[in-house]
Amino acid sequence: MIVADAHQYLLDHYNEFDFIWSSPPCPTHSRSNFWASKTVDSRKKVYPDLTLYQEIIFLQNWYSGKWVVENVIPYYEPLIPAQKRGRHLYWTNFKLPSDLGDRRLAIISGKKEFKGLCDFHEYDFSKYCGSQNKTKIARNLVDYEAGKTIFETALGVIRKKDVRQTELF
Ligand SMILES: C[S@@+](CC[C@H](N)C(=O)[O-])C[C@H]1O[C@@H](n2cnc3c(N)ncnc32)[C@H](O)[C@@H]1O
């Protein structure tokens, strides 16, 4: 595990990896935050964090491996077309399966949310001893089945390309 500024790390180290997944922060893009802000006048207005698009444009143009940038469906028309699966958008340089698995997270708010997230991710987040908000960590977590499906799809594309290259010689 590398503890660093992920945005800068991508720029400095992208070439050392065969596969890159980035999930930049979503709060400034999310529909629920946007609608909540609209209805509460005192809520601080924020610009959408465009580092999301910086990473997509960077990977599209500089990186030759397979990559995924994942985020929520935004409250505005995405600036760069993406593949929509469930409640998320995925920008990739390979085609995703139409179905990333049949696990669906039920929307639960209030006191039951934390337990619902622990059940969904099959992990007890109360074991976490750090200073961050446990519910927020659990909310941020990518569904393991969707992640595995996407990673295996990328591996399949890479393997096929390798086989084709071997056949040429
Ligand atoms: C959308 S969440 C992604 C969570 C991750 N995909 C997972 O499954 O746990 C974004 C995460 O990036 C972290 N983050 C935000 N800016 C960062 C930065 N510059 N460098 C490293 N991490 C950052 C946030 O604290 C948050 O945990």
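The values are calculated or read from the model by the stated rules, or taken from the named source; none is laboratory data. Just so it is clear, the structure is predicted and the values come from calculations on it, not from any experiment. Reconstructed Cβ throughout: ideal geometry from the backbone, glycine too, with neighbour counts over all protein chains shown. Surface accessibility is based on the protein's heavy atoms, side chains included, excluding ligands, DNA and RNA. Shrake-Rupley method; radii C 1.70, N 1.55, O 1.52, S 1.80 Å.
For the range 1-81, applying the loop criterion from DSSP together with a ceiling of 15 other beta carbons within 10 Å to the trypsin sites (Lys or Arg not before Pro) yields ARG43, LYS44, LYS45. Counting 0.36 nm for each residue step from VAL3 to PHE17 and taking away their Cα separation leaves a gain of 3.4 nm.
For the range 6-101, the equivalent ellipsoid built from the Cα gyration tensor has semi-axes of 27, 17, 10 Å, listed from largest to smallest. Close amide H contacts of VAL68 (hydrogens built in the peptide plane, cut-off under 5 Å, sequence separation of 5 or more or a different chain): ILE20, TRP21, SER22. Considering only ALA106, VAL157, LEU96, the residue lying farthest towards the positive end of the dipole of the chain is ALA106, judged by Cα position with unit charges set on Cβ. Taking the Cα centroid of the range 1-23 and of the range 71-95, what is the distance between the two, rounded to the nearest whole Å? For the range 1-23 versus the range 71-95, the Cα centre distance is 20 Å. Beta bridges from DSSP with both residues in the chain: antiparallel share about 70 percent, rounded to the nearest 5.
In the chain, the DSSP-assigned H stretches of four residues or longer account for a calculated mean residue ellipticity at 222 nm of -12500 deg cm²/dmol, using -39500 (n - 2.57) per stretch and the full residue count as denominator.
Here the simple spin-label model places points 7 Å from the Cα toward Cβ, and for LYS84 and ARG43 these points are separated by 2.1 nm.
Toward the positive end of the charge dipole of the range 6-101, with +1 on the Cβ of Lys and Arg and -1 on the Cβ of Asp and Glu, the farthest Cα among SER22, ALA36, LEU59 is that of ALA36.
The aspartates and glutamates whose alpha-carbon is closer than 18 Å to the alpha-carbon of LYS115, local same-chain residues fewer than 8 away aside, are ASP124, ASP143. Dipole magnitude for the range 6-101: computed about the Cα centre from +1 point charges on Lys and Arg Cβ and -1 point charges on Asp and Glu Cβ, it is near 520 debye. Solvent-accessible area of the range 6-101 (1.4 angstrom probe, protein heavy atoms only): carbon and sulfur portion equals 56 percent. Over every pair of different alpha-carbon atoms in the chain, take the mean of 1/r and invert it; report that Kirkwood radius in Å. Averaging 1/r across every pair of different Cα atoms and inverting gives 18.1 Å. Restricting the range 17-105 to chymotrypsin sites (Phe, Trp or Tyr not before Pro) that sit in a DSSP loop and have at most 11 other Cβ atoms within 10 Å of their own Cβ leaves TYR76.
Provide the FRET efficiency to the nearest 0.05 for the ALA36-ARG104 pair, computing r from the beta carbons and using R0 = 30 Å. After rounding to 0.05, the efficiency reads 0.85.
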